[in-house]
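Working notes, structure below.
The values are calculated or read from the model by the stated rules, or taken from the named source; none is laboratory data. What you are looking at is a predicted structure, and each value in this text was computed from that prediction instead of being measured. Virtual Cβ from ideal backbone geometry, glycine too; neighbours counted across all protein chains shown. Accessible surface is based on the protein model in full, side chains and every heavy atom, while ligands, DNA and RNA are left aside. Shrake-Rupley method; radii C 1.70, N 1.55, O 1.52, S 1.80 Å.
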Amino acid sequence: IVTAPGSFQSEIGCTSDWDPACMMSWLQDPDADGVYEFSTDRIPAGTYEVKVAHDRSWDENYGAGGQRDGPNIPFDVAEGQTVEFAYDLATHVLTITAT
């Protein structure tokens, strides 16, 4: 299980931010192409940060540039945008797109 814990999680229904166990930010790969995805339109306008966590814990996590235990990944959301998270399992890089 791969999740995207970050400073936005309480906005999408998690009990707190930065919770790798919260399944509301679950990245899934239903087509088995190695890219795990999650999208939401529930994040209000603002500036946020995120990382990728494996197995619902901080034991294995990836930050900016796919670096293990790396720095948080910042992203901005404008009013009314949908945010798409795409995590490449091979490179551990998380791409965030707000449209």
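Observations
- All alpha carbon pair distances within the chain were sorted into 5 Å bins beginning at 0; the resulting P(r) in whole percents reads 3, 15, 26, 29, 18, 8, 1.
- Charge dipole (Cα centre; +1 on Lys/Arg Cβ, -1 on Asp/Glu Cβ; no other charges) of the chain amounts to roughly 160 debye.
- Alpha-carbon centroid distance for the pair the stretch 1-57 / the stretch 70-97, whole angstrom: 10
- Probe 1.4 Å, protein heavy atoms only - accessible area per residue of the chain in square angstrom: 51
- Beta bridges by DSSP in the stretch 33-91, antiparallel share as percent, to the nearest 5: 100
- The residues neighbouring P20, those whose beta-carbon lies less than 15 Å from its own, together hold a net charge of -4 under the Lys/Arg +1, Asp/Glu -1 convention.
- Solvent-accessible area, 1.4 Å probe, carbon plus sulfur percent, for the chain: 47
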